[in-house]
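Read-outs: derived from the displayed coordinates by stated rules, not from any lab. Note that the structure is a prediction, hence the values are computed from the model and not measured. Cβ atoms come from the backbone with ideal geometry, glycine included; neighbour counts cover every protein chain shown.
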Amino acid sequence: PIRVAAASSDGKYVNQHFGKADKFLIFDIKNNEKPEFIELRETAPRCGGDPNLKEETIQLISDCDILLVSQIGPGAQKKLINRGVRPLIMPVFIEDALKKVCSLIG
């Protein structure tokens, strides 16, 4: 399965900058089936803050293949890519973003 993390404050829309996100919704996509919600993971937002917190957040989602965000800085993007997490800037409804991910991997 492909594991996707979505940065969202409301659970409906990809509306959080990676550096300001305090929660990630985790989904699994198996064989082009409907994405399955796995869990909600929470963290402390850390934009411009403690670099250890950023590392903790990267660790929190490092088992994911794809990260959906409304925005992400180049430093965080590079760190995620080095961990095998592909960040995608997709400020749309989570459902629509997941459909788009399915079409990208399908």
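Remark: the stretch 83-88, residue by residue, has Karplus-estimated 3J(HN,Hα) of 8, x, 9, 9, x, 10 Hz, where x stands for each Gly or Pro and the curve is 6.51 cos²θ - 1.76 cosθ + 1.60 at θ = phi - 60°.
Overall dimensions of the chain, expressed as equivalent-ellipsoid semi-axes from the Cα gyration tensor (√(5λ), whole Å, largest first), are 21, 14, 12. By the rule of a C-alpha distance below 17 Å, with chain neighbours fewer than 8 residues away ignored, the aspartates and glutamates paired with residue 79 are 50, 55, 56, 63, 65. Can you list the residues, at least 5 places off or on another chain, whose amide H is less than 5 Å from the amide H of residue 67, using H built in the peptide plane? Residues meeting the amide H criterion: 5, 86, 88.
Secondary structure note: in the chain, about 60% of the DSSP beta bridges are antiparallel. Peptides 83-92, 10-19 ranked from most to least packed, by the mean per-residue count of other Cβ atoms within 10 Å: 10-19, 83-92. Multiplying the residue separation of residue 52 and residue 30 by 0.36 nm and removing their Cα-Cα distance gives an extension gain of 4.6 nm.
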